[in-house]
Amino acid sequence: MLKDNERISRHGLNLFLIRLLFCLFAEDTGVFEKDIFTNTIKSMTKEDGSDLNCRIQELFEFLDTKIRPEDTPAWLRKFPYVNGQLFTEQHTNVVF
């Protein structure tokens, strides 16, 4: 991944991978609804993945939002607030 993402700092890439692992762990352990992260990524992104970074960024920002606006899209409302500042820093786009 470092080879394909030369413009991203090691910190940014590490943070992205930690967040992904957290989301996968959370959906398997009951922190999130079962398979919600995986199914949301599959259903809310284009097949070619061209909008994957956009959806990931929206989700990561939402996970860090304690007060949820009423106009929040339904697909995001299913996710709980995650405290601890894991999602506070802005997402860095990653090339897959």
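None of the figures in this text is laboratory data; all of them are computed from the coordinates on show. For clarity, every value in this text was computed on a predicted model and none was experimentally measured. Every residue, glycine among them, receives a Cβ derived from its backbone with ideal geometry; neighbour counts consider all protein chains shown.
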Exercise. If only one of GLU27, GLU61 is in contact with a Phe, Trp or Tyr (Cβ under 9 Å, 6 or more places away or on another chain) and closer than 21 Å to GLN90 by Cα, which one is it?
Worked result: GLU61
Exercise. Tally time: how many residues in the range 34-81 are outside any helix (DSSP H, G or I), in contact (Cβ under 8 Å) with a residue 40 or more places away in the chain and within 17 Å of CYS23 (Cα to Cα)?
Worked result: 3
Exercise. Which members of the range 1-33 meet the condition of being within 16 Å of LYS78 (Cα to Cα), of a type in the set (D, E, K, R) and part of a loop (DSSP other than H, G, I, E, B)?
Worked result: GLU33
Exercise. Can you find even one residue in the range 82-91 that is of a type outside the set (Ser, Thr, Tyr) and part of a helix (DSSP H, G or I)?
Worked result: no
Seminar exercise, completed: Of the residues in the range 1-37, those that are hydroxyl-bearing (Ser, Thr, Tyr) and surrounded by 10 or more Cβ atoms within 10 Å (Cβ to Cβ) come to SER9
